[in-house]
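Here the structure is laid out as structure tokens; the discussion comes afterwards.
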């Protein structure tokens, strides 16, 4: 029985790209308890509904998070469309799915790079981010933006993609797939990487269910939960089965995300093959009146949007529950009993997006 | 750039940004844009850093953190505000928890606009910061050299150097 002491971790830390603060209660090198404190990135974004009307809010909502910004804007638009009973044209749905899945590839590659940096594999980090730049180039060619695109609006999309651009995406995806296959060898089959990840931060299926964890973090423990099963957008036409693993450790989380990159590439290929012709936006008449509850599978897991309107230009109430917020209890559970040296890896393993969480 | 004699170390802190500028700064440090070719290196330790890259606005919780990071950096130092949120508060300016841009808390030397700031703009900001750092470090050296000399000379040099600083 050693002496207990408290080690502050963050908010500024070499491993963390974003500020989160943890008070780690340690006994020798073991962590007894982790107490998170958040609020370093809190802006009060939801309060802007009193100052911006429901159309302008699309651009604010997209700035909830710079990594999954497209998905945030898309979910908000879908919520308003559901309230107003707008039938979004099929082509717009497919375009949203293509951009959404591409965001997933970009987010997972970003995370894999940070993970490699987390266990000190600098060159692998650089290789992964080099591949990620290819995805950003596709975004720039099709939407004009690199991280925040603003191509969604209530009723559909702002930009269309012609056949040349779709062919370009397919060509680039072949290249990306080839390169991800190369780095996958190191991420999944390298001996020293495995020894750093295997058996660390184990959560069982029951635990992740009880702690209501979401996304790849929950799927890595065998919980088959994915909001894409709901069949919104183009997912109703696409072949889709969520990827799960049963190990529940850091390696499983890495494996699930690597395999999801390939799955997303296949989904985009299928969507481009099936994309219908036609309009990309539906006319919007009147003002929204009613309330809705939207669930969407973001790269980090399930996000929930609650929107309430009452026939005015301004939204009455907006609430966003982001995936990282749901995963924080799971993180604190994995940290209990962990080694101090593994804290960086464990924090990374939930793919923390603090600016989402605090809004 | 031709007169650069030193390799400044860069510290990156995310204020209350949406992450967009944040990952663009990281993208600048990785192969495709590779800002490290200008002689900088990324560090996680404020005590060894010369240039502070700040993204995002300032809120009441992170104000103390930003201030502390700035104070821990050794002189001379340069602060670069990246993204429109760090410049003025941006789209979140009207939010209840945002005090304003980075210059409400620490003195900012270079402003890089954009939402999200493009890598080319960030690299331009970093290059200007390197030049400014070189200038300040020359002035610092001059001050140190003249430290033991007569008091009137010291004030004269001081005035000269502060004039130069204003021009920059």
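In this structure, is residue A:103 crowded, with 22+ Cβ neighbours inside 10 Å, within 14 Å of another protein chain (Cβ to nearest Cβ) and within 20 Å of residue A:159 (Cβ to Cβ)? Criteria met by residue A:103. Going by the structure shown, is residue A:301 in contact with a helix residue (DSSP H, G or I) (Cβ under 7 Å, 6 or more places away or on another chain), at pLDDT 85 or above and on the phi > 0 side of the Ramachandran plot? So residue A:301 fits the description; yes. Evaluate the following for residue A:81: is it away from every other protein chain (no Cβ under 12 Å), within 25 Å of residue A:238 (Cβ to Cβ), outside any helix (DSSP H, G or I) and over 18 Å from the mean Cα position of the chain (by Cα)? Judged against the criteria, residue A:81 is not a match. Among (1) at the interface with another protein chain (Cβ under 9 Å from one of its Cβ atoms); (2) in a helix (DSSP H, G or I), where does residue B:28 come up short? The failed condition is (1).
For the stretch A:1-20, what are the residues that are within 14 Å of chain B (Cβ to nearest Cβ), modelled with pLDDT of 75 or more and more than 22 Å from the chain's Cα centre (by Cα)? Passing the criteria: A:8, A:9. Just checking, does the stretch A:52-69 include any residue being surrounded by fewer than 20 Cβ atoms within 10 Å (Cβ to Cβ), facing chain B (nearest Cβ under 10 Å), more than 23 Å from residue A:139 (Cβ to Cβ) and in contact with a helix residue (DSSP H, G or I) (Cβ under 9 Å, 6 or more places away or on another chain)? Yes, the conditions are met somewhere in the stretch A:52-69.
For the stretch A:21-35, check the following and say yes or no: at least one residue is within 14 Å of chain B (Cβ to nearest Cβ) and either under 25 Å from residue B:22 (Cα atoms) or without any contact (Cβ under 8 Å) to a residue 12 or more places away in the chain (or both). The answer is yes; a qualifying residue exists.
The criterion of being in contact with a strand residue (DSSP E or B) (Cβ under 7 Å, 6 or more places away or on another chain), at pLDDT 85 or above and crowded, with 22+ Cβ neighbours inside 10 Å holds for residue A:323. Considering every residue within the stretch B:9-24, establish whether at least one is over 25 Å from residue A:134 (Cβ atoms) and away from chain A (no Cβ under 11 Å). Yes, some residue in the stretch B:9-24 is over 25 Å from residue A:134 (Cβ atoms) and away from chain A (no Cβ under 11 Å).
Scanning the stretch B:103-126 for residues that are at pLDDT below 90, in contact with a helix residue (DSSP H, G or I) (Cβ under 9 Å, 6 or more places away or on another chain), closer than 29 Å to residue A:8 by Cα and surrounded by 24 or more Cβ atoms within 10 Å (Cβ to Cβ) turns up nothing. Of the helices (runs of 4 or more DSSP H) lying entirely inside the stretch A:171-274, those containing at least 2 residues that are surrounded by fewer than 22 Cβ atoms within 10 Å (Cβ to Cβ) are A:191-197, A:205-210, A:250-274.
The values are calculated or read from the model by the stated rules, or taken from the named source; none is laboratory data. For clarity, every value in this text was computed on a predicted model and none was experimentally measured. When we count neighbours, we look across all protein chains shown, and the Cβ atoms used for this are built from the backbone with ideal geometry, even at glycine.
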